[in-house]
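Novice: Questions regarding the structure given below will be posed in turn.
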Amino acid sequence: MRVPLSWLHEFCDPGLDPEQLADRLVMTGTEVERLDAVGPPSAEGFVVGKVVVAEKHPKADRLSVCRVDTGDGERVIVCGAPNVASGQTVAVALPGARMPNGERLRKAKLRGVASEGMILAADELEIGDDHEGILELDGDLVAGAPLGEVLPLAESVLEIEVTPNRTDCFGVHGVAREVHAITGAPLAADPWAEDAPAEGEGEASDYGSVTVEVPELCPRFTARVFSDVEIRPSPLWLQARLSAAGQRPINNVVDITNYVMLLTAQPLHAFDLDEVPGGELIVRTAEDREKMTTLDGVERTFDAETVLVCDRNGPSGIAGIMGGQVSEVSEQTTRVLLEVACWNGTNILRTSRLLGLRSEASARFEKQLHPRLAMRAQRIASRLMVELCGAKLVPGTIDVAAEEPPPRRLLLRSGRVEGLLGMYISQDDQRTYLERLGFEVITAGDDFEVVVPPDRYYDVTREVDLIEEVARVHGIDEHLPTTLPAVGGAVGGLSREQRLRRRAEDGLRDLGFDQAVGWSFTDPGEPARLRIPENDLRARPVMLANPLSEEQSAMRTTLLGSLLDVASRNVARGVESLALFEAGAVYFNNPPSGGQGSIDRLAGHFAGDTPAPFTEPFRLGAVAVGPLTTRSWRGGGEPADFFALKGVAESLAGQLGTALDFAPAEEPFLHPGSSAAVSVGGSAIGWLGEVHPLVCRTWDLPAAVAFEFDAAPLLAAATLGEETYEEATEFPAVRQDLAVVVPEEVPATKVEATIEAAAGEYLHSVDIFDVYRGEQVGEGSKSLAMSLEFCSGGRTLTDEEVAGLRDSIQTKLEAIGGTLRE
């Protein structure tokens with residue numbers, strides 16, 4: 001939002017330099033992106049001139065030699081404008097004046113004729129883009145008068161970044177009220193306080209009608225009719241203000257609609273009434289694939305949720321976004337129907353994004369305006385139509401309105417301000433600040449009842465919002481004391497879960513993995529790219545109501561997608577080896593039911609019997625592409641595979657003081673036969689495996705291996721901080737190697753568990769160091785080579801005792817189909 005200071009000062013002049021005003025606005029919550037200047041850097045050297053004589057240049061057909069009275073006598077100026085003529089009052093730049101581009105004007109000789117200045121066009125002063133002819137000023141002006149008293153030269157402009165909640169600051173008057181509130185400078189009367197006289201014939205309803213078929217999408221539609229309209233260029237003061245505010249002047253009627261929008265933050269639209277059959281307007285939703293050509297000359301196609309303003313023949317405008325060519329105001333227009341409406345903000349935002357079409361009007365409507373603002377804009381625009389277009393206002397206003405939102409009344413408790421802010425602000429000051437901002441304040445005992453004005457209706461909705469308004473106007477930067485929180489004797493610390501999360505993250509970093517922080521937002525197509533079937537909970541993400549973009553409109557259901565995104569970007573830039581991990585939340589629409597997929601079994605995440613509508617389990621995920629170790633003369637450098645990442649996961653669990661169990665399982669995004677379900681203490685926590693080749697191809701990766709674990713059950717099983725110690729024994733251990741043949745489907749973890757149960761307390765450790773498949777063990781079987789260590793803390797075990805343990809192990813193994821291989 002560009003706010004020319006001369007326009008702002010018309011309503012509130014705080015007497016501050018532009019830099020001081022910008023700083024004050026920033027410190028009270030209104031972000032000023034920059035200070036801009038429009039026009040020449042100084043008004044010095046710019047004066048009003050009178051063209052005494054204009055003659056053709058003797059040596060150039062397109063030039064005129066003019067004698068111009070500039071107050072200090074007459075001077076010769078050579079001018080190239082085709083419309084220069086004797087008797088005109090013009091804007092003149094004298095030698096020495098500095099032009100908007102920074103160049104200093106000098107005397108010059110043009111085709112042999114000395115020229116002592118320049119007669120200016122609108123674009124040369126940056127008050128318009130017209131370069132076809134010179135500016136013609138009011139003939140009553142005195143030659144030699146400073147041009148800065150007639151036109152805003154060296155205009156300072158505040159460029160404000162308006163936050164979505166402050167729709168009032170989309171208008172110059174709203175910014176002026178803000179300046180009034182934070183500085184105490186007087187505020188001029190509301191510009192909509194007076195209406196235009198109605199001198200036209202008949203009633204507005206005699207000329208037009210409005211039907212609103214969708215009142216929930218159009219809470220209010222007002223229309224006024226003007227006759228005897230004369231289309232001409234706007235006066236220079238209006239053109240200058242619009243140009244400084246970033247709008248291109250077009251003609252007086254269109255400029256009035258833009259001017260009033262910039263003043264009040266309420267958009268307007270003018271129809272050529274003679275181009276609206278029967279004067280009848282219908283507000284309805286579009287038919288699917290219905291089309292219309294908008295004012296920018298583009299034919300647009302609509303869906304069934306787009307709201308259109310139509311005449312009897314079809315669409316004539318996209319509600320709240322842009323009008324159509326069919327009824328636009330032209331040089332032939334003599335009757336105008338002026339629309340000021342209120343639209344459903346969410347619908348406008350949706351349509352604007354769908355069409356890829358954003359306008360100054362849609363930027364305001366999508367924030368949601370109050371229906372009561374419509375008549376403010378109608379009154380100001382009506383006065384300007386009468387004054388600048390010679391129009392006659394037809395009595396009456398066509399006003400189709402749904403039920404208006406009830407007044408918002410909030411209680412501001414006397415002690416709540418100090419209790420929340422930690423500083424005292426008197427109630428007199430509170431009342432003053434709120435009334436400056438346009439709130440109505442009513443004493444209610446020791447408290448205040450505050451009525452929210454319509455231009456802040458959707459922003460200030462709670463008592464705490466009122467306290468924020470009081471605090472920022474009072475001056476948080478100047479008055480809020482710097483204090484530490486009152487915590488008494490309490491000492492801060494981390495919970496057990498927080499400590500374990502940090503330990504897990506540190507452990508993964510120690511194992512050579514770099515932490516990535518991915519977006520929680522993703523696109524709805526990510527589950528399909530991961531080959532997740534539609535009936536899987538992970539294929540039904542939580543959708544955002546107000547997304548930043550379509551690509552970030554869904555909440556992720558797995559960390560794998562964001563990790564693959566980061567890996568893909570790195571590989572595309574020449575990185576051959578990377579190991580990444582992420583610790584973050586994923587999001588589900590509903591609690592998963594028991595028994596649905598390994599990653600969907602989120603036992604322990606939900607408290608109570610009533611399911612929550614959304615869940616946010618915390619996950620640990622990792623991905624590796626390329627080798628995890630560097631190549632050396634002794635080998636290494638092979639790409640990470642299932643077993644490499646399994647070792648990483650086991651090391652991580654070991655650092656947390658627990659152990660993981662692995663069982664063959666399939667996931668749609670993992671390679672069949674190279675994937676496993678992971679559990680701890682009998683509770684499923686996630687998956688681990690090599691990423692499916694088709695998924696890797698989608699992300700342009702050569703190969704990848706990944707895991708993802710639910711943090712809650714993993715950390716719940718951790719014993720870190722609960723370590724136990726055993727005394728080092730002085731008695732020697734007995735070590736034996738076994739080769740156990742088991743059916744292929746029996747997992748190694750089951751063999752380990754069977755051996756541990758059979759050997760009892762004397763078995764100190766069991767490690768599998770080889771797997772063999774081949775003719776010697778037969779088809780469908782495998783041989784696991786493992787090293788066993790037996791010991792006792794109080795004596796040396798005898799050979800007979802170890803042999804007995806071995807026999808017990810053999811007996812237990814037979815129960816699961818295993819035999820010892822000699």
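Novice: Return the pair list, or none, for Cβ contacts closer than 6 Å from residues in segment 330-353 that are over 23 Å from Ile398 (Cβ atoms) to residues that are open to solvent by 70 Å² or more (accessible area, probe 1.4 Å), at least 6 apart or on different chains.
Specialist: Close Cβ pairs (under 6 Å, with a partner that is open to solvent by 70 Å² or more (accessible area, probe 1.4 Å)) amount to Ser352/Arg358.
Novice: Determine whether Arg569 is modelled with pLDDT of 95 or more, open to solvent by 60 Å² or more (accessible area, probe 1.4 Å) and not aliphatic (A, V, I, L, M). Before you say what the answer is, go through the steps one by one.
Specialist: On the way: modelled with pLDDT of 95 or more: yes; open to solvent by 60 Å² or more (accessible area, probe 1.4 Å): yes; not aliphatic (A, V, I, L, M): yes.
Judged against the criteria, Arg569 is a match.
Novice: Only one of (1) assigned to a loop (DSSP other than H, G, I, E, B); (2) open to solvent by 20 Å² or more (accessible area, probe 1.4 Å); (3) of a type in the set (A, V, I, L, M, F, W, C) fails for Val460. Which number is that?
Specialist: (2)
Novice: Tell me which residues, restricted to segment 765-822, are touching an Asp or Glu at 6+ places or on another chain (Cβ under 9 Å), surrounded by 17 or more Cβ atoms within 10 Å (Cβ to Cβ) and among the small types (Gly, Ala, Ser).
Specialist: Across segment 765-822, the qualifying residues are Ser781, Ser783.
Novice: For segment 715-755, what are the residues that are open to solvent by 90 Å² or more (accessible area, probe 1.4 Å) and modelled with pLDDT of 90 or more?
Specialist: Arg735, Asp737
Novice: Restricting attention to segment 463-486, which residues are of a type in the set (A, V, I, L, M, F, W, C), more than 11 Å from Leu421 (Cα to Cα) and not in a loop (DSSP other than H, G, I, E, B)?
Specialist: Passing the criteria: Leu466, Val473.
Novice: Would it be correct to say that Ile134 is over 20 Å from Leu21 (Cα atoms) and touching a strand residue (DSSP E or B) at 6+ places or on another chain (Cβ under 7 Å)?
Specialist: Details: over 20 Å from Leu21 (Cα atoms): yes; touching a strand residue (DSSP E or B) at 6+ places or on another chain (Cβ under 7 Å): yes.
In short, yes.
Novice: Go through segment 175-215 residue by residue and tally those that are of a type in the set (Val, Ile, Thr) and either surrounded by fewer than 19 Cβ atoms within 10 Å (Cβ to Cβ) or within 25 Å of Cys389 (Cβ to Cβ) (or both).
Specialist: 3
Novice: Collect the residues in segment 421-438 that are touching a residue at least 24 places away in the same chain (Cβ under 8 Å) and surrounded by 14 or more Cβ atoms within 10 Å (Cβ to Cβ), keeping them in residue-number order. Before the answer, list the steps.
Specialist: Filtering segment 421-438 down to residues touching a residue at least 24 places away in the same chain (Cβ under 8 Å) leaves 421-423, 425, 429-430, 433-434, 436-438.
Of everything in segment 421-438, those that are touching a residue at least 24 places away in the same chain (Cβ under 8 Å) and surrounded by 14 or more Cβ atoms within 10 Å (Cβ to Cβ) turn out to be Leu421, Met423, Ile425, Asp429, Gln430, Tyr433, Leu434, Arg436, Leu437, Gly438.
Novice: Given the options Tyr424, Tyr433, name the one that is hydroxyl-bearing (Ser, Thr, Tyr) and modelled with pLDDT under 95.
Specialist: Only one candidate passes the filter, namely Tyr424.
Novice: Same structure, new question: Would you pick out the residues in segment 19-64 that are farther than 24 Å from Glu103 by Cβ, of a type in the set (D, E, K, R) and over 46 Å from the mean Cα position of the chain (by Cα)?
Specialist: Lys50, Glu55, Lys56, Lys59, Asp61
Novice: Next question. Mind checking which residues of segment 302-348 are farther than 25 Å from Pro405 by Cβ and open to solvent by 50 Å² or more (accessible area, probe 1.4 Å)?
Specialist: Ala304, Arg312, Asn313, Gln325, Val326, Glu328, Glu331, Gln332, Thr334, Arg335
Novice: Which number in (1) at pLDDT 95 or above; (2) open to solvent by 10 Å² or more (accessible area, probe 1.4 Å); (3) polar (S, T, N, Q) marks the one condition that Ser598 misses?
Specialist: (1)
Novice: Is there a residue in segment 161-174 that is touching a residue at least 24 places away in the same chain (Cβ under 8 Å), farther than 30 Å from Ile348 by Cβ, open to solvent by 20 Å² or more (accessible area, probe 1.4 Å) and touching a helix residue (DSSP H, G or I) at 6+ places or on another chain (Cβ under 9 Å)?
Specialist: If we filter segment 161-174 for residues that are touching a residue at least 24 places away in the same chain (Cβ under 8 Å), which is where we start, we get 161-174.
So of that shortlist, the ones also farther than 30 Å from Ile348 by Cβ come out as none.
For segment 161-174, residues touching a residue at least 24 places away in the same chain (Cβ under 8 Å), farther than 30 Å from Ile348 by Cβ, open to solvent by 20 Å² or more (accessible area, probe 1.4 Å) and touching a helix residue (DSSP H, G or I) at 6+ places or on another chain (Cβ under 9 Å): absent.
Novice: Just one of (1) within 15 Å of Leu564 (Cβ to Cβ); (2) assigned to a helix (DSSP H, G or I); (3) open to solvent by 60 Å² or more (accessible area, probe 1.4 Å); (4) among the basic types (Lys, Arg) trips up Arg538, so point out which.
Specialist: It fails just one condition, (3).
Novice: Answer yes if at least one residue in segment 527-534 is within 20 Å of Thr698 (Cβ to Cβ), touching a residue at least 40 places away in the same chain (Cβ under 8 Å), in contact with a Lys or Arg (Cβ under 7 Å, 6 or more places away or on another chain) and not in a helix (DSSP H, G or I), and no otherwise. Explain how you work it out, then say what you get.
Specialist: Initial filter on segment 527-534 (within 20 Å of Thr698 (Cβ to Cβ)): 527-534.
Now restrict to residues that are touching a residue at least 40 places away in the same chain (Cβ under 8 Å): 529-533.
Cutting the leftovers down to in contact with a Lys or Arg (Cβ under 7 Å, 6 or more places away or on another chain) gives us 532.
Of the ones still in play, those that are also not in a helix (DSSP H, G or I) are 532.
Looking for residues that are within 20 Å of Thr698 (Cβ to Cβ), touching a residue at least 40 places away in the same chain (Cβ under 8 Å), in contact with a Lys or Arg (Cβ under 7 Å, 6 or more places away or on another chain) and not in a helix (DSSP H, G or I), one finds at least one in segment 527-534, hence yes.
Novice: Counting residues that are closer than 23 Å to Asp190 by Cα, out of contact with any Asp or Glu (no Cβ under 8 Å at 6 or more places or on another chain) and among the aromatic types (Phe, Trp, Tyr), which helices (runs of 4 or more DSSP H) fully inside segment 201-298 reach at least 1?
Specialist: Those helices (runs of 4 or more DSSP H) span 236-244, 252-264.
Novice: Answer yes or no: is there a residue in segment 29-38 that is surrounded by fewer than 20 Cβ atoms within 10 Å (Cβ to Cβ), in contact with an Asp or Glu (Cβ under 9 Å, 6 or more places away or on another chain) and outside any strand (DSSP E or B). Outline the logic, then answer.
Specialist: Going through segment 29-38, the residues surrounded by fewer than 20 Cβ atoms within 10 Å (Cβ to Cβ) turn out to be 29, 31-37.
Checking which are in contact with an Asp or Glu (Cβ under 9 Å, 6 or more places away or on another chain) leaves us with 29, 31-37.
Filter once more, so that each one left must be outside any strand (DSSP E or B): 29.
Within segment 29-38 (the criterion being surrounded by fewer than 20 Cβ atoms within 10 Å (Cβ to Cβ), in contact with an Asp or Glu (Cβ under 9 Å, 6 or more places away or on another chain) and outside any strand (DSSP E or B)), the answer is yes, since at least one residue qualifies.
Novice: Let me spell it out: the conditions are (1) modelled with pLDDT of 95 or more; (2) outside any helix (DSSP H, G or I); (3) within 30 Å of the chain's Cα centre (by Cα), and Gly323 meets all of them except one. Which number is the exception?
Specialist: (1)
Novice: Starting from segment 679-692, take each residue that is in contact (Cβ under 8 Å) with a residue 24 or more places away in the chain and part of a loop (DSSP other than H, G, I, E, B) and list its partners that are of a type in the set (A, V, I, L, M) and open to solvent by 50 Å² or more (accessible area, probe 1.4 Å), counting only C-beta distances under 9 angstrom and pairs at least six apart or across chains.
Specialist: Taking only residues 6 or more apart or on different chains, the pairs are Gly681/Ala659; Gly681/Ala716.
This table checks each residue for (1) of a type in the set (Ser, Thr, Tyr); (2) surrounded by 11 or more Cβ atoms within 10 Å (Cβ to Cβ).
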{"position": "Thr443", "(1), (2)": "yes, no"}
{"position": "Phe448", "(1), (2)": "no, yes"}
{"position": "Val452", "(1), (2)": "no, yes"}
{"position": "Arg472", "(1), (2)": "no, yes"}
{"position": "Leu484", "(1), (2)": "no, no"}
{"position": "Gly493", "(1), (2)": "no, no"}
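Novice: Contact list please: Cβ distance under 6 Å, first residue in segment 40-67 and touching a residue at least 60 places away in the same chain (Cβ under 8 Å) and among the basic types (Lys, Arg), second residue open to solvent by less than 30 Å² (accessible area, probe 1.4 Å) and in a strand (DSSP E or B), pairs at least six apart or on different chains.
Specialist: Between residues of segment 40-67 that are touching a residue at least 60 places away in the same chain (Cβ under 8 Å) and among the basic types (Lys, Arg) and residues that are open to solvent by less than 30 Å² (accessible area, probe 1.4 Å) and in a strand (DSSP E or B), the close pairs are Lys50/Thr89.
Novice: Picking from Ala815, Ala757, Ala733, which residue would you name as being under 60 Å from the mean Cα position of the chain (by Cα), hydrophobic (A, V, I, L, M, F, W, C) and farther than 24 Å from Ser675 by Cβ?
Specialist: So the residue among Ala815, Ala757, Ala733 that is under 60 Å from the mean Cα position of the chain (by Cα), hydrophobic (A, V, I, L, M, F, W, C) and farther than 24 Å from Ser675 by Cβ is Ala757.
Novice: Of everything in segment 654-669, what is at pLDDT 95 or above and farther than 11 Å from Val705 by Cα? Give them in sequence order.
Specialist: Hits for segment 654-669 are Glu667, Pro668.
Novice: Test Ala391 against the criterion of being at pLDDT below 95, open to solvent by less than 60 Å² (accessible area, probe 1.4 Å) and farther than 29 Å from Val179 by Cβ, and give yes or no.
Specialist: Answer is no for this residue.
Novice: Still on this structure, I have one more. Would segment 128-149 turn up any residue that is touching a residue at least 40 places away in the same chain (Cβ under 8 Å), open to solvent by less than 10 Å² (accessible area, probe 1.4 Å), outside any helix (DSSP H, G or I) and farther than 28 Å from Met385 by Cβ?
Specialist: no
Novice: Select from segment 116-127 the residues that are in a loop (DSSP other than H, G, I, E, B) and open to solvent by less than 30 Å² (accessible area, probe 1.4 Å) and list them in ascending order.
Specialist: If the condition is that a residue be in a loop (DSSP other than H, G, I, E, B) and open to solvent by less than 30 Å² (accessible area, probe 1.4 Å), then Gly117, Leu120, Ile127 are the ones that fit.
The values are calculated or read from the model by the stated rules, or taken from the named source; none is laboratory data. Computed from a prediction, not measured in an experiment: that's the story for all the values here. A quick note on method: Cβ atoms are made from the backbone with ideal geometry, for glycine too, and the neighbour counts reach across all protein chains shown. For accessibility, only protein heavy atoms count, side chains too; no ligands or nucleic acids. Shrake-Rupley method; radii C 1.70, N 1.55, O 1.52, S 1.80 Å.
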